[in-house]
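K.L.:
Before I ask anything, let me first share the structure, which is written out below as structure tokens.
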Amino acid sequence: MEKIQMVDLKAQYAKIKPEVDQAIQNVLDTTAFINGPEVKDLQRELETYLGVKHVIPCANGTDALQMAMMALGLKPGDEIITASFTFVATAEVIALLQLVPVVVDVDPDTFNVSIDSIEKAITPRTKAIVPVHLFGQCADMDKIMALAAKHNLFVIEDACQAIGADYIHANGKTAKAGTIGHVSATSFFPSKNLGCYGDGGAIFTNDDELAAQLRMIANHGMKVRYYHDIIGVNSRLDSMQAAVLRIKLRKLDEYNAARRKAADYYDQAFRDIPQLKTPVRVKNSTHVFHQYTLVTNGIDRLKLQEFLASKDIPAMIYYPVPLHMQKAYLDSRYKEGDFPNTEALCKSVISLPMHTELTDEQLKYITDHVIAFIRG
Ligand SMILES: *Cc1c(COP(=O)(O)O)cnc(C)c1O
């Protein structure tokens, strides 16, 4: 049996090596390293795949979030609502732009932002909501969009963990994660569901004006070379990354299906283990399992992690500390106990290996050992 990895990029690369090597060689041969044809092709292919009008490739997912907020013309002091149970990037860019991050609790079943908590956090200074489609399942976008419309707020989807997931609207129509809000961000970090071999990201929007603004922001605020109309940043996706992403985009649905198959295996194996709550799958979204995250109950998850490590099985805690308890974001507005669902999750979750190359043999080995630990 191959050694089990949290994310097995090596095994995945082995299967697409000839195509990837050729595509990288092509970029080397053309030396069009920045803004080469691969970037434009990826942009078009992503627009088609997602069914969105505009894709703006950029340097990483954090930049994508930051530029989305810059393009919306948000002003220092404006309040942005986001989930307390997430990766730090969301709050980081809000703070960097001198906006005010307002964190709210999540739903204990879906790990996604709770609609009631958002509603309670809205003030006259609120300008936007940033739902994070955590671990690969969409937040409740119909309700979030309705709330945003009622209060005249922007919705910026953080789709960094959910590319390829389908949201199913109340009317039965489906839309890809990241195509529902006013603007969305995704990441092509190597371990993401659509990952490149370095850093990368993209912004999605259906709004022509916003797209034009975003293209300028990503390129030093210029439309015409050396004429700078607004203050921008330098955030580009390079051609080699785009070349790799074009190959992997063609396989994205297959990759997400492989993740779902591994998740099904885990679900089945842990069905009768009361100490483990398997991920709750909602009716209005497909799940692309960026992570497979269990909520433990009545066991010492760190001991479980240690036991698994001794059997060469990696397991991770995503995320151990809620945003409002992070040193950089400690704020007199918040105290321990404010967000009971998030705080309970941070103390009880554990994520098992999840990637496109897990074999049944590996899955059996992992689940057998998890169960052996619990049954003692
Ligand atoms: C990965 C991630 C980001 C940041 O993406 P980078 O490309 O690493 O900058 C932002 N938000 C979430 C939820 C993520 O998972």
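Values in this text are rule-based calculations from the coordinates and carry no lab data. Worth saying up front: this structure is predicted, and the values here are computed from it rather than measured. No Cβ is skipped: glycine too gets one built from the backbone with ideal geometry, and neighbour counts run over all protein chains shown.
K.L.:
Which aspartates and glutamates have a Cα less than 17 Å from the Cα of Lys176, not counting those fewer than 8 places away in the same chain?
P.N.:
Hits, sequence-local ones excluded: Glu45, Glu47, Asp140, Asp142, Glu157, Asp158, Asp166, Asp207, Asp253, Glu254.
K.L.:
List the relative contact order of the chain as a percent without decimals, with contacts defined as Cα pairs under 8 Å and 6+ residues apart. Write down the numbers at each step before the final one.
P.N.:
Values: 763 pairs, mean separation 83.2, N = 376.
Rounded, it is 22 percent for the chain.
K.L.:
At each listed q (0.07, 0.11, 0.13 Å⁻¹), what is the log10 of I(q)/I(0) that the Debye formula gives for the chain modelled as equal alpha-carbon point scatterers?
P.N.:
Values, matching the q order: -0.31, -0.78, -1.08.
K.L.:
Which pairs in the list Lys15/Lys283; Lys192/Lys335; Lys15/Lys192; Lys277/Lys364; Lys53/Lys223 are over 24 Å apart, alpha-carbon to alpha-carbon? Don't skip to the answer; put the middle values down first.
P.N.:
Details: Lys15/Lys283 33 Å; Lys192/Lys335 32 Å; Lys15/Lys192 18 Å; Lys277/Lys364 18 Å; Lys53/Lys223 19 Å.
Table pairs above 24 Å Cα-Cα are Lys15/Lys283; Lys192/Lys335.
K.L.:
So if each residue of separation counts as 0.36 nm, and I subtract the Cα-Cα distance between Ile231 and Lys75, what length gain in nm does that give?
P.N.:
Working: separation 156, 0.36 × 156 = 56.16 nm, distance 1.39 nm.
Roughly 54.8 nm would be gained on extension.
K.L.:
While we're on this one: Excluding Lys277 itself, calculate the net charge of residues whose Cβ lies under 14 Å from the Cβ of Lys277, where each Lys or Arg counts +1 and each Asp or Glu counts -1.
P.N.:
On the way: positive: Arg271, Arg281, Arg301, Lys347; negative: Asp107, Asp109, Asp267, Asp272.
For residues surrounding Lys277, the net value is 0.
K.L.:
Starting at the first residue of the stretch 32-40, write each ³J(HN,Hα) from the Karplus equation 6.51 cos²θ - 1.76 cosθ + 1.60 with θ = phi - 60°, in whole Hz, x for Gly and Pro.
P.N.:
Once θ is set to phi - 60°, the couplings for the stretch 32-40 become 8, 6, 10, 6, x, x, 4, 5, 5 Hz.
K.L.:
In sequence order, what are the phi-derived ³J(HN,Hα) couplings for the stretch 151-163 according to the Karplus relation 6.51 cos²θ - 1.76 cosθ + 1.60 with θ = phi - 60°, rounded to whole Hz, with x for glycine and proline?
P.N.:
Result, rounded to whole Hz: 9, 6, 10, 7, 10, 10, 7, 8, 9, 4, 10, 10, 4.
K.L.:
Still on this structure, I have one more. Enter the Cα centre distance for the pair the stretch 294-345 and the stretch 194-211, rounded to the nearest angstrom.
P.N.:
Taking the Cα centre of each part, the stretch 294-345 and the stretch 194-211 sit 30 Å apart.
K.L.:
What percent do you get for the relative contact order of the stretch 239-363 when only Cα pairs under 8 Å and 6+ apart count? Each step should come with its number before you reach the end.
P.N.:
Numbers: 121 pairs, mean separation 39.1, N = 125.
Result for the stretch 239-363 is 31 percent.
K.L.:
Follow-up question, since we're still on this one. Using helices alone, I'd like the mean residue ellipticity at 222 nm for the chain: each DSSP H run of four-plus residues gives -39500 (n - 2.57), total over residue count, nearest 500. Don't skip to the end; give the middle numbers.
P.N.:
On the way: 12 runs with 149 residues, N = 376.
Theoretical 222 nm ellipticity from helices: -12500 deg cm²/dmol.
K.L.:
Can you list residues whose amide H is under 5 Å from Thr126's amide H, if they're 5+ apart or on another chain and H is modeled 1.01 Å from N?
P.N.:
Excluding prolines and chain starts, which carry no amide H, the hits are Glu79.
K.L.:
If you don't mind, another one. For the stretch 237-376, what does the alpha-carbon gyration tensor say about shape, rounded, prolate or oblate, given a ≥ b ≥ c as the root eigenvalues, a/c under 1.5 as rounded, and a/b over b/c as prolate? Can you show the working numbers first?
P.N.:
Numbers: a/c = 1.83, a/b = 1.12, b/c = 1.64.
Here the stretch 237-376 falls in the oblate category.
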